[in-house]
Structure formats: C-alpha cells, structure tokens
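Taking it in order: structure first as structure tokens, then the write-up.
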Amino acid sequence: MVGEGTGSTAMGDDMLGNVDAFSSFSVNDLQRAKHFYDGTLGLDVSEGNGMLFLHVRAGRILVYPKDDHTPATFTVLNFPVDNVEQVVDQLAERGVTFEQYNDMPAEPDEKGIYRGFGPDIAWFKDPAGNVLAVVQNA
C-alpha cells in the first residue's frame with residue numbers, strides 16, 4: 001500500500017519513485033524575486049515560460065507568479081550551511097532581516113539565530129513574504 005514505505009503503489013510499480021521531483025512556490029513579483037534569489041542570495045536563477053528556476057545542488061525549485069499570492073506561513077525553503085553564523089552575517093550585510101518568533105522554545109540571539117532545540121537556524125523572508133531558513137549542517 002502507498003505510505004507504508006515499501007516503494008510500491010497500489011498499481012504494483014514505482015510509478016513516481018524514480019522521478020526527479022521538485023518543489024515550487026509562488027511569488028507576487030517575479031522580477032523582484034529574481035533579483036533577490038540571484039543578487040541577494042547568490043543562487044543560479046534561470047527563467048522560462050514566465051517562471052523562475054532556482055538551481056541548487058539537489059535539483060531545482062520552481063518559482064511561479066501568482067497575482068493573488070499569499071505568503072506561506074511555514075518554511076518553504078531551507079539552506080543547509082556549514083556555518084550559520086557566518087552566512088547570517090553575510091546575508092545581513094546584503095540587507096536580509098531575520099525573523100523573530102514568539103512561539104519558539106528559545107529566544108534568538110542578537111543575530112536572529114535560534115539555538116538549542118535542534119540545529120541552529122535563522123529564518124528570513126523573500127520579497128513576497130515566503131519564509132526561508134539557513135540551517136546548520138549536522
């Protein structure tokens with residue numbers, strides 16, 4: 001059965017188990033998003049068919065325009081890094097502001113990094129309000 005971790009479906013094959021799946025999310029201003037993901041975050045970004053593709057080592061992420069976009073209230077994209085503090089400093093120098101959440105088991109430090117309840121993590125938003133994070137590699 002699907003969901004039991006067997007890798008097979010009710011149809012008896014690996015229908016989707018061998019495809020290169022990718023994630024996607026919407027933004028309300030494609031060019032502003034392109035500038036942020038390319039210029040601010042330094043990602044390899046391409047355009048096609050009126051959408052953006054964020055090229056990362058694990059594959060690609062589709063960013064599509066949506067006129068009635070509503071930002072996600074959860075983290076849509078995590079960036080695992082070897083040194084969260086260093087990356088936070090670099091992003092702050094580029095104008096990125098880190099989020100402060102009141103409902104967390106710990107308070108962030110002065111840089112906006114949450115520590116002590118899992119890997120060190122700092123959340124920030126893209127220009128469309130989607131939540132992103134840099135997370136310390138284990």
Kindly list, by first and then second residue, each pair from a residue in the range 67-79 that is loosely packed, with under 14 Cβ neighbours inside 10 Å to a residue that is among the polar types (S, T, N, Q), limited to pairs with Cβ atoms under 8 Å and residues at least 6 apart or on different chains. ASP67/ASN28
Could you go through the range 51-73 and let me know if any residue there is part of a loop (DSSP other than H, G, I, E, B), touching a strand residue (DSSP E or B) at 6+ places or on another chain (Cβ under 9 Å) and modelled with pLDDT under 95. yes
When the residues of the range 3-33 are filtered to those that are among the β-branched types (Val, Ile, Thr) and under 27 Å from the mean Cα position of the chain (by Cα), which remaining residue is modelled with the highest pLDDT? VAL27
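Restricting attention to the range 80-98, which residues are aliphatic (A, V, I, L, M) and either free of Cβ contacts under 8 Å to residues at least 40 places away in the same chain or not in a helix (DSSP H, G or I) (or both)?
Filtering the range 80-98 for residues aliphatic (A, V, I, L, M) gives 81, 84, 87-88, 91-92, 96.
Of everything in the range 80-98, those that are aliphatic (A, V, I, L, M) and either free of Cβ contacts under 8 Å to residues at least 40 places away in the same chain or not in a helix (DSSP H, G or I) (or both) turn out to be VAL81, ALA92, VAL96.
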Among (1) free of Cβ contacts under 8 Å to residues at least 60 places away in the same chain; (2) surrounded by 16 or more Cβ atoms within 10 Å (Cβ to Cβ); (3) of a type in the set (Val, Ile, Thr), there is one condition VAL27 misses while meeting the rest; what is its number? (1)
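Okay, residues lined up against (1) crowded, with 19+ Cβ neighbours inside 10 Å; (2) at pLDDT 95 or above; (3) in contact with a strand residue (DSSP E or B) (Cβ under 6 Å, 6 or more places away or on another chain); (4) at positive phi:
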| site | (1), (2), (3), (4) |
| --- | --- |
| GLU99 | no, yes, yes, no |
| GLU107 | no, no, no, no |
| GLY118 | no, no, no, yes |
| ILE121 | yes, yes, yes, no |
| PRO127 | no, yes, no, no |
| VAL134 | yes, yes, yes, no |
I'm told GLU47 meets every condition in (1) more than 17 Å from the chain's Cα centre (by Cα); (2) not in a strand (DSSP E or B) except one. Can you identify the failing condition by its number? (2)
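The values are calculated or read from the model by the stated rules, or taken from the named source; none is laboratory data. What you see is a predicted model; the values in this text were computed from it and never measured. For neighbour counting, all protein chains shown are included, and Cβ atoms are generated from backbone atoms with ideal geometry for every residue, glycine included.
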